[in-house]
Amino acid sequence: MSTMDKTLLTASLFEGFWDRWIVHGVSYHDLAKLRHSIIAKERWFKTWGELAEEKYTMAESIKKVGFVEQAESVYRIAALYYQLNQWLIPEHGGEKLDWLMKSLLVVKKADQLSDIKTEYVELLIDENSYYGRVRIPNNPEGVIIIINPIDSTKEELFSYEMDFVEKNYVVVSFDGPGQGETFTRHGLKATRLRWERFVDMMIEYASNTFPAHDIFLFGTSSGAAWAIYGSGNEKVSKAVAVSPAFRNEEIQMPDYFMERLFAVSDETIIPDYPQIKLQKPVLLVHGKKDVMVKDEDIYGLFENLPSGKILLEYEDEGHCCNYKLPEIRTKAIEWFQGKWGMKDEF
């Protein structure tokens, strides 16, 4: 069975497969159009492609009658639905690139309607191009670098971006090695060393571009692992790590997930925590029903974090604490501002 077929079978049989997409903007109503039977790839592409076109047409109509903010939101959902089609395809270029470019064009339509300035940035690191977007509100209070999970794109996590810019933070988000535009355009695979350089250079870019502002990191899953790595950088003020991944051979990832990581080299891409010179405070977030991250790994990591650390746990959440992410982002902002997480609260 091919990687794509395994992904489709999992999507058909396991409710939890869709949690990530639901919290990132897929509607239950639209999802129901796919959930009645085993999903064939032709049906997947057709359904999400048609739904994306419907949303795009709706956004155009809403824009024409002057509801600009609503049109922006619907454009972003249309772009997300195009993302679902590119995401299904493991190999870079070709059809994957076609779907990604459709999504990026719609994202730019949304950006053009926003009151928040957007810059599209290409970082050259070791002769490889990394593609990013930077949202810049008026009178920013700081800079938040979002570090995305390995199989997410910078555009997928638009709700994170919007929550942060609405609180007057500059948001920096790049596709790293093996991710999104960076992988799909040029086939740049993820390695641990490339990820180290990527995180270092993102922080350097943010520091050089916004020298007057504090830099904060926010990551989930493998992105959380790299947020912890980044907390060892003296230019970072604080980092939030939600469900950080570990180098744990006892935890078996689903076949479809491992095989989808076509963009990853054979070596592990998770940083070696004991080798990191941890310097800055970390807000560590863990779902007690996480089957991918063991409690003892989280507690062992927390024990070794520097002063100012906080452990936030959710009894009923799984990996990435999907349904608590809006609350987590709110708490993260309050923690960055020094308004939450003081010792007398615990």
Among 124, 188, which is modelled with pLDDT under 95 and in contact with a Phe, Trp or Tyr (Cβ under 9 Å, 6 or more places away or on another chain)? 188
Does any residue of region 20-27 turn out to be closer than 26 Å to residue 161 by Cα and of a type in the set (D, E, K, R)? yes
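Quick one: which of 97, 105 is closer than 18 Å to residue 151 by Cα, under 21 Å from the mean Cα position of the chain (by Cα) and not in a loop (DSSP other than H, G, I, E, B)?
Numbers: 105 fails: closer than 18 Å to residue 151 by Cα.
Being closer than 18 Å to residue 151 by Cα, under 21 Å from the mean Cα position of the chain (by Cα) and not in a loop (DSSP other than H, G, I, E, B) holds for just one of 97, 105, which is 97.
May I ask you to verify whether residue 129 is of a type outside the set (Phe, Trp, Tyr), without any contact (Cβ under 8 Å) to a residue 60 or more places away in the chain, closer than 28 Å to residue 230 by Cα and surrounded by fewer than 20 Cβ atoms within 10 Å (Cβ to Cβ)? Explain how you work it out, then say what you get.
On the way: of a type outside the set (Phe, Trp, Tyr): yes; without any contact (Cβ under 8 Å) to a residue 60 or more places away in the chain: yes; closer than 28 Å to residue 230 by Cα: yes; surrounded by fewer than 20 Cβ atoms within 10 Å (Cβ to Cβ): yes.
When the stated conditions are applied, residue 129 passes them.
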Residues of region 62-105 being touching a Gly at 6+ places or on another chain (Cβ under 8 Å), farther than 21 Å from residue 40 by Cα and without any contact (Cβ under 8 Å) to a residue 60 or more places away in the chain, in sequence order, are 77
When the residues of region 147-169 are filtered to those that are more than 8 Å from the chain's Cα centre (by Cα) and of a type in the set (S, T, N, Q), which remaining residue is surrounded by the fewest Cβ atoms within 10 Å (Cβ to Cβ)? 168
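Taking the stated definitions as given, is residue 196 without any contact (Cβ under 8 Å) to a residue 60 or more places away in the chain and not in a loop (DSSP other than H, G, I, E, B)? Working first, answer last.
On the way: without any contact (Cβ under 8 Å) to a residue 60 or more places away in the chain: no; not in a loop (DSSP other than H, G, I, E, B): yes.
Considered against the rule, which asks whether it is without any contact (Cβ under 8 Å) to a residue 60 or more places away in the chain and not in a loop (DSSP other than H, G, I, E, B), residue 196 comes out as no.
Within region 274-290, can you find the residues that are without any contact (Cβ under 8 Å) to a residue 40 or more places away in the chain and assigned to a loop (DSSP other than H, G, I, E, B)?
Of everything in region 274-290, those that are without any contact (Cβ under 8 Å) to a residue 40 or more places away in the chain and assigned to a loop (DSSP other than H, G, I, E, B) turn out to be 288, 289.
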Looking at region 49-64, is at least one residue farther than 26 Å from residue 194 by Cα, touching a strand residue (DSSP E or B) at 6+ places or on another chain (Cβ under 9 Å) and of a type in the set (S, T, N, Q)? no
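Do you know which of the residues in region 1-42 that are charged (D, E, K, R) and under 21 Å from residue 152 (Cβ atoms) is surrounded by the most Cβ atoms within 10 Å (Cβ to Cβ)?
Filtering region 1-42 down to residues charged (D, E, K, R) leaves 5-6, 15, 19-20, 30, 33, 35, 41-42.
From the residues that got through so far, the ones that are under 21 Å from residue 152 (Cβ atoms) too are 6, 15, 19-20, 30, 41.
Details: 6: 17, 15: 7, 19: 16, 20: 19, 30: 17, 41: 15.
Among them, the one singled out is 20.
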Checked 203, 215 against criteria (touching a residue at least 12 places away in the same chain (Cβ under 8 Å) and crowded, with 23+ Cβ neighbours inside 10 Å); the one match is 215
Among the residues of region 146-159, is there at least one that is within 22 Å of residue 199 (Cα to Cα) and free of Cβ contacts under 8 Å to residues at least 40 places away in the same chain? yes
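The values are calculated or read from the model by the stated rules, or taken from the named source; none is laboratory data. What you see is a predicted model; the values in this text were computed from it and never measured. Note that we place each Cβ from the backbone using ideal geometry, even for glycine, and neighbour counts take in every protein chain shown.
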